[in-house]
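The values are calculated or read from the model by the stated rules, or taken from the named source; none is laboratory data. Bear in mind that the values here come from a model prediction, so they are computed numbers and not experimental data. Positions of Cβ are generated from backbone atoms using ideal geometry, with glycine treated the same way; all protein chains shown enter the neighbour counts.
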Amino acid sequence: MTESVDGHADLSTLRTIAAYQFGAGAGEALFPPTESLSVRRTSSGRPQQIHAETGRIASFGTDGRFTLGLEGGHRLFDALEPPAYRVVVDDESEPFVREGKNVFAKFVLEVGPEVRPGDEVLVVHERGELIAVGTAELGAEAIADFETGMAVDVREGAPAE
């Protein structure tokens, strides 16, 4: 079932959850009041996927947290001050990450200090360009310290422009 978010309470709730998960300003960045959004709901009425005309912003999991789509990643990338929720990679891994391959710890140059395992993160090239979104498999300290292991399970890569 797909419907527009036209109720103020629905939009307000989505914004509150996003602000709790990603920090101040994230709710308005993901779900701006001036934009018409489409929400696909489960049979019980729970929001499942939130879309804008430009693509999928996020999915809402049964755990009460958002998983980002590339569109949502772009919105947070513009709204959150670096290095918040960012995992920065180098030239060597960029083409693989853009194809949706996972990020390994040894290729990470920098990571936001708040990142914990299971957090949604923005994978950013050292040039400062968003190249993927995914889920952190390790916390910030482990990502910085480890020479082996998967750092980010990439959900969606951004094709090179």
Exercise. Could you look through region 117-161, keep only residues that are in a loop (DSSP other than H, G, I, E, B), at pLDDT 95 or above and under 19 Å from G72 (Cβ atoms), and pick out the one that is farthest from the chain's Cα centre (by Cα)?
Key: G128
Quiz item: Looking only at strands (runs of 3 or more DSSP E) that fall completely inside region 43-96, which ones have 1 or more residues that are at positive phi and at pLDDT 95 or above?
Solution: 55-60
Quiz prompt | Selection status of R116, more than 18 Å from G23 (Cβ to Cβ) and not assigned by TED's automatic domain parsing to the domain that holds I57 | solution = no
Self-check item: Leading residue by the ranking (surrounded by the most Cβ atoms within 10 Å (Cβ to Cβ)) among those in region 20-36 that are in a helix (DSSP H, G or I) and of a type outside the set (G, A, S)
Solution: L30
Quiz item: Do we find that E114 is charged (D, E, K, R), in contact with a Lys or Arg (Cβ under 9 Å, 6 or more places away or on another chain) and surrounded by 13 or more Cβ atoms within 10 Å (Cβ to Cβ) in this structure?
Solution: no
Quiz item: Is it true that I17 is assigned to a helix (DSSP H, G or I) and either surrounded by fewer than 19 Cβ atoms within 10 Å (Cβ to Cβ) or at pLDDT 90 or above (or both)?
Solution: yes
